[in-house]
Amino acid sequence: LVSGMFALAVFFVGMLVVRWSLPPSALLLPILWIPQILFTLGVCWFLSALGVYMRDLSHIMGFLLTLWFFLTPICYPETSLPAWAAPVLTRNPIHVLVRGYRDVLLEGHAPAFSAMWKLWLVSLTVFFCGHAWFYKIRKTFADVI
């Protein structure tokens, strides 16, 4: 979160140097930050509880995060993907976030409402499920550790 704020500050400075202004749509960033934080917290709660029981989880996560990174169009445009990949891509919550950040910061308009409400729903679900999972099994952590 902190490194993301520093990166955003550097990006804004770059925008000011190149364009001499920030897009007014940058005021919509909290619409993207909140579900991102909720989703991340939910995943962290779930994985930290799971990591108590699966010692090799850190090795598996390195591979899975690399795979997830390359399955999300961050370093390449969505248009370079084949047509059959579009429905798969829309089910990736990080793709919705990346698309939202591109809409707000690069294209200067609000993210698509249809994708955003689904992102909020998924983020809230992951947040509450991760929280419930962690607090349900945390009583057994001392026995395992």
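The values are calculated or read from the model by the stated rules, or taken from the named source; none is laboratory data. Since we're looking at a predicted model, the values are computed, not measured. Don't worry about glycine lacking a Cβ; one is built from the backbone with ideal geometry, like all the others, and counts go over all protein chains shown.
Numbers at a glance
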quantity	calculated
Yes/no for TRP68 being surrounded by fewer than 16 Cβ atoms within 10 Å (Cβ to Cβ) and modelled with pLDDT of 90 or more	no
Yes/no for ARG99 being surrounded by 14 or more Cβ atoms within 10 Å (Cβ to Cβ), at negative phi, basic (Lys, Arg) and without any contact (Cβ under 8 Å) to a residue 40 or more places away in the chain	yes
Single condition MET116 does not satisfy, out of (1) at pLDDT below 85; (2) in a helix (DSSP H, G or I)	(1)
Residue match in the stretch 35-42 (condition: in contact with a Phe, Trp or Tyr (Cβ under 6 Å, 6 or more places away or on another chain), at pLDDT 85 or above, within 27 Å of MET15 (Cα to Cα) and surrounded by 15 or more Cβ atoms within 10 Å (Cβ to Cβ))	yes
Condition check for GLY100: under 17 Å from the mean Cα position of the chain (by Cα) and over 14 Å from LEU28 (Cα atoms)	no
Selection status of PHE127, in contact with a Leu (Cβ under 6 Å, 6 or more places away or on another chain), in a helix (DSSP H, G or I) and not charged (D, E, K, R)	yes
The one condition in (1) hydroxyl-bearing (Ser, Thr, Tyr); (2) surrounded by 10 or more Cβ atoms within 10 Å (Cβ to Cβ); (3) outside any loop (DSSP other than H, G, I, E, B) that SER3 fails to fulfil	(2)
